[in-house]
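Trainee: My questions will all concern the structure given below.
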Amino acid sequence: VIAGFLYAILILVVFHPVVDLIDNFNLTHKYAPLIIIRLGRAFEMTAVEKVEEQLAGLRIARRCVPSEEPAYLLDIDTSTAAQPGSGRFVAVSCSSKSIRVYDRETLHFLREYCGHPGILSGVRFAHSCDSVVFSACSEGTVKCWDVRSATQKPVQVFSGYPSNVFISFDVSCSDLIVCAGTEKVEKDTFLVFWDARGITDCASTAKEPLGVYSESHNDDITKICFHPIEPNLVMSGSTDGLVNVFDINKDNEDDALIATCNSDSSVSSLGWSGQGYKQIYCMTHDEGFCWWDMAQLDTEEPITLLHVLDVRESVCAENHGLHYLVGGLYHEKAGKLFLIGGTSTGNIHLISCSTDGLSLVGTLGGGHSATVRSFCWSPTDESLLTGGEDAQLLLWKPGAVERSLTKKASLKISSSVQKRVRVHNTSLKSRKK
């Protein structure tokens with residue numbers, strides 16, 4: 001009631017002078033709605049600017065204690081709190097072929113899962129259970145772990161076919177389906193699907209795939225991303241340059257493929273954005289950016305919102321430059337898409353996206369001392385977790401004051417990501433011509 005009363009006063013204060021202005025200049029009242037709409041847009045811009053200011057004001061709140069065996073931090077995910085006020089977990093996949101688990105708020109180390117026979121391609125927490133985390137491995141399995149348990153044994157193993165080398169995966173928002181993408185072996189590349197239900201009821205038993213999609217990509221499937229709110233929609237990206245969107249409720253792969261977008265380069269990252277998450281975007285291994293609107297698929301309007309061949313050339317990051325992109329985050333409150341990139345010396349650049357182009361929002365410095373490989377955005381407390389080649393895990397919060405360790409020097413160790421990523425054979429110069 002109080003909020004409604006205050007809102008009514010605001011309307012009177014703001015719009016009453018506008019109506020008086022219309023009357024004073026003898027303007028017809030038909031222009032009043034147009035003026036009010038423009039004022040509304042001004043308020044909307046103010047809200048976006050406030051979010052941008054908040055992002056630029058992120059400061060280091062915590063650092064994890066350095067591990068005895070330093071490794072690149074390649075992927076980060078956080079659990080959803082089981083109930084308000086309960087603890088949350090952070091899982092990190094490392095170049096040492098291990099998964100490390102931390103307390104979300106303090107960044108205290110909890111446990112580590114070692115002994116993976118291949119390279120890890122990511123970590124994902126279940127959406128409905130805060131203690132269950134998934135990981136995919138190049139040796140052809142997706143494993144499920146219970147982070148509350150001290151055992152090194154997975155509670156579930158999802159086995160692929162003998163030739164499968166998994167380099168990407170994701171879990172649907174309903175936790176019903178797991179999907180993994182393979183490297184190309186001979187002429188084959190697959191999206192492999194499993195039923196993820198009942199993971200805690202069949203400990204350590206191997207689950208066989210439900211089936212595969214094999215016709216939609218012709219090279220390594222580098223990224224998979226399920227829709228945040230529609231469990232039947234999944235997106236895949238490949239070194240063949242294609243980004244495909246599937247409706248897995250359909251009976252076969254041909255019917256399931258509802259959209260194909262061409263990035264013109266090797267896809268390195270994917271995401272959903274926009275109201276109702278009807279937009280998709282991708283980043284490429286040569287630092288390009290593409291943004292499409294799936295709501296325009298059945299219309300005559302173009303679906304491409306923005307296509308930037310090289311973000312490094314279009315975003316001015318003062319004297320620090322922009323060396324690479326890490327990924328994107330959609331800020332629901334602002335209804336705005338942001339990109340995260342950085343420099344080889346550890347600076348993190350926050351980039352705002354609009355259909356007019358990209359612009360630098362701010363730079364987070366003083367944290368990492370080497371390339372940032374991963375991040376995870378938390379809309380709950382509007383904080384950011386980042387991990388890099390300096391083996392540091394950092395928690396950034398608005399206006400925070402750091403109360404922990406000083407930053408470490410850069411680590412000179414070889415990157416498993418660099419070893420396995422193949423550069424797309426279409427060069428930037430040839431595409432520009």
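The values are calculated or read from the model by the stated rules, or taken from the named source; none is laboratory data. Owing to the predicted nature of the structure, the values given are computational and were not obtained by experimental measurement. Neighbour counts are summed over all protein chains in view; Cβ atoms, including those assigned to glycine, are modelled from backbone coordinates with ideal geometry. To get the accessible areas, we keep the full protein, side chains included, count just its heavy atoms, and leave off ligands, DNA and RNA. Shrake-Rupley method; radii C 1.70, N 1.55, O 1.52, S 1.80 Å.
Trainee: Please state which of the following conditions SER369 fails to meet, knowing it meets all the rest: (1) in contact (Cβ under 8 Å) with a residue 60 or more places away in the chain; (2) among the hydroxyl-bearing types (Ser, Thr, Tyr); (3) more than 16 Å from GLU53 (Cβ to Cβ).
Mentor: Failing condition for SER369: (1).
Trainee: Please give the strands (runs of 3 or more DSSP E) falling wholly within the stretch 231-328 in which 2 or more residues are over 25 Å from ILE167 (Cβ atoms).
Mentor: Strands (runs of 3 or more DSSP E) meeting the threshold: 304-308.
Trainee: If the requirement is being open to solvent by 10 Å² or more (accessible area, probe 1.4 Å), under 19 Å from the mean Cα position of the chain (by Cα) and either more than 26 Å from PHE190 (Cβ to Cβ) or among the β-branched types (Val, Ile, Thr) (or both), which of these qualifies: THR78, THR106, THR141?
Mentor: THR78
Trainee: Can I ask one more? Taking into account only those residues within the stretch 240-262 that are β-branched (Val, Ile, Thr) and either closer than 19 Å to SER168 by Cβ or in contact with a helix residue (DSSP H, G or I) (Cβ under 6 Å, 6 or more places away or on another chain) (or both), which is surrounded by the most Cβ atoms within 10 Å (Cβ to Cβ)?
Mentor: Just the residues of the stretch 240-262 that are β-branched (Val, Ile, Thr), to begin with: 243, 245, 248, 258, 260.
Checking which are either closer than 19 Å to SER168 by Cβ or in contact with a helix residue (DSSP H, G or I) (Cβ under 6 Å, 6 or more places away or on another chain) (or both) leaves us with 243, 245, 248, 260.
Working: VAL243: 24, VAL245: 21, ILE248: 20, THR260: 11.
The qualifying residue surrounded by the most Cβ atoms within 10 Å (Cβ to Cβ) is VAL243.
Trainee: Report whether or not VAL90 is hydrophobic (A, V, I, L, M, F, W, C), in a strand (DSSP E or B), open to solvent by less than 10 Å² (accessible area, probe 1.4 Å) and over 25 Å from PHE190 (Cα atoms). Give the steps one after another, and end with the answer.
Mentor: Numbers: hydrophobic (A, V, I, L, M, F, W, C): yes; in a strand (DSSP E or B): yes; open to solvent by less than 10 Å² (accessible area, probe 1.4 Å): yes; over 25 Å from PHE190 (Cα atoms): yes.
For VAL90, the condition - hydrophobic (A, V, I, L, M, F, W, C), in a strand (DSSP E or B), open to solvent by less than 10 Å² (accessible area, probe 1.4 Å) and over 25 Å from PHE190 (Cα atoms) - is met.
Trainee: Out of all the residues in the stretch 111-126, which are modelled with pLDDT under 95 and buried (at least 22 other Cβ atoms within 10 Å of the Cβ)?
Mentor: Hits for the stretch 111-126 are TYR113, LEU120, SER121, GLY122.
Trainee: Of the conditions (1) buried (at least 18 other Cβ atoms within 10 Å of the Cβ); (2) part of a loop (DSSP other than H, G, I, E, B); (3) among the small types (Gly, Ala, Ser), GLY341 satisfies every one except a single condition; which number is it?
Mentor: Status for GLY341: all satisfied but (2).
Trainee: Restricting attention to the stretch 300-308, does a residue exist that is crowded, with 20+ Cβ neighbours inside 10 Å and either modelled with pLDDT of 95 or more or within 20 Å of the chain's Cα centre (by Cα) (or both)?
Mentor: Yes, the stretch 300-308 contains a residue that is crowded, with 20+ Cβ neighbours inside 10 Å and either modelled with pLDDT of 95 or more or within 20 Å of the chain's Cα centre (by Cα) (or both).
Trainee: VAL178 fails exactly one of the following numbered conditions: (1) more than 21 Å from the chain's Cα centre (by Cα); (2) over 18 Å from ASP240 (Cβ atoms). What is the number of that condition?
Mentor: (1)
Trainee: When the residues of the stretch 150-175 are narrowed to those that are closer than 14 Å to PHE193 by Cα and of a type in the set (Gly, Ala, Ser), which ends up surrounded by the most Cβ atoms within 10 Å (Cβ to Cβ)?
Mentor: This residue is SER168.
Trainee: A follow-up question, please. Can you tell me which residue among LEU21, LEU58, LEU107, LEU73 is at pLDDT below 90 and either farther than 29 Å from GLY362 by Cβ or in contact with a Lys or Arg (Cβ under 8 Å, 6 or more places away or on another chain) (or both)?
Mentor: It is LEU21.
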